[in-house]
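Visitor: Once you've had a glance at the structure underneath, I'll fire off some questions.
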Amino acid sequence: MSTRRNFLKAALITAVGMAANNASPVSAKSSILPKGLIYTKDDPGPWAALADAHIPAVTINGGKITVQTNHVMTEKHYIVRHRLVTESGEVLEGKTFYPTDKKAISVFDLPARHQVIYATSFCNLHDFWLTKFKV
Ligand SMILES: [Fe+2]
């Protein structure tokens, strides 16, 4: 599990770094990444039919960021984790879920010094997804 976690972390940092350097949406640059690492609304890979259930939705209200993945939460299929990550790859916040959680919703404080942030969502069966947003 640790090896998989490190691999996904390195992939995200690579994607975020490329997006920051080029000031382009990650989805526009995902073609230069190995296929099957990170999925977005614009690049859902093999999971296009399941994209709506995996893309992290972000709302900002009253100094808080809410990340929600509208996904089932069962023992065999669930969202494992949400994270907020800066363009330079710094993990700001995160929440780990369990199959017993009813919903994949996380609420974080609005970071003061970042304008662009990535929300990530990891499904145990359908991989790693992200949404880029402006604060
Ligand atoms: Fe899934």
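Each reported figure results from applying straightforward, stated rules to the coordinates on display, with no laboratory input. What you are looking at is a predicted structure, and each value in this text was computed from that prediction instead of being measured. Methodologically, a virtual Cβ is constructed for each residue, glycine included, from the backbone with ideal geometry; neighbour enumeration extends over all protein chains shown.
Visitor: For the subset of segment 38-55 comprising residues that are in contact with a strand residue (DSSP E or B) (Cβ under 7 Å, 6 or more places away or on another chain) and closer than 17 Å to Ser106 by Cα, which member is farthest from the ligand (Cβ to nearest atom)?
Guide: Ile55
Visitor: For segment 62-76, how many residues are away from the ligand (no atom under 12 Å from the Cβ) and buried (at least 18 other Cβ atoms within 10 Å of the Cβ)?
Guide: Looking only at that region, the number is 3.
Visitor: Continuing with the same structure: Identify, please: which residue in segment 92-110 is touching a residue at least 40 places away in the same chain (Cβ under 8 Å) and in contact with a strand residue (DSSP E or B) (Cβ under 6 Å, 6 or more places away or on another chain) and is, among those, farthest from Ala51 (Cα to Cα)?
Guide: Of the residues in segment 92-110, the ones touching a residue at least 40 places away in the same chain (Cβ under 8 Å) are 106-110.
Then drop every residue that is not in contact with a strand residue (DSSP E or B) (Cβ under 6 Å, 6 or more places away or on another chain), which leaves 106-108, 110.
Details: Ser106: 19, Val107: 22, Phe108: 23, Leu110: 26 Å.
Step by step, filter segment 92-110, then rank; the result is Leu110.
Visitor: Check off (1) in a strand (DSSP E or B); (2) within 16 Å of the ligand (Cβ to nearest atom) for Val58 and give me the number that stays unchecked.
Guide: (2)
Visitor: Kindly evaluate Thr59 against the criterion of being surrounded by fewer than 13 Cβ atoms within 10 Å (Cβ to Cβ), closer than 16 Å to Phe133 by Cβ and within 15 Å of the chain's Cα centre (by Cα).
Guide: On the way: surrounded by fewer than 13 Cβ atoms within 10 Å (Cβ to Cβ): yes; closer than 16 Å to Phe133 by Cβ: yes; within 15 Å of the chain's Cα centre (by Cα): yes.
It is true that Thr59 is surrounded by fewer than 13 Cβ atoms within 10 Å (Cβ to Cβ), closer than 16 Å to Phe133 by Cβ and within 15 Å of the chain's Cα centre (by Cα).
Visitor: Anything in segment 97-127 that is within 16 Å of the ligand (Cβ to nearest atom), hydroxyl-bearing (Ser, Thr, Tyr) and closer than 20 Å to Tyr39 by Cβ? List them, or say none.
Guide: If the condition is that a residue be within 16 Å of the ligand (Cβ to nearest atom), hydroxyl-bearing (Ser, Thr, Tyr) and closer than 20 Å to Tyr39 by Cβ, then Thr120, Ser121 are the ones that fit.
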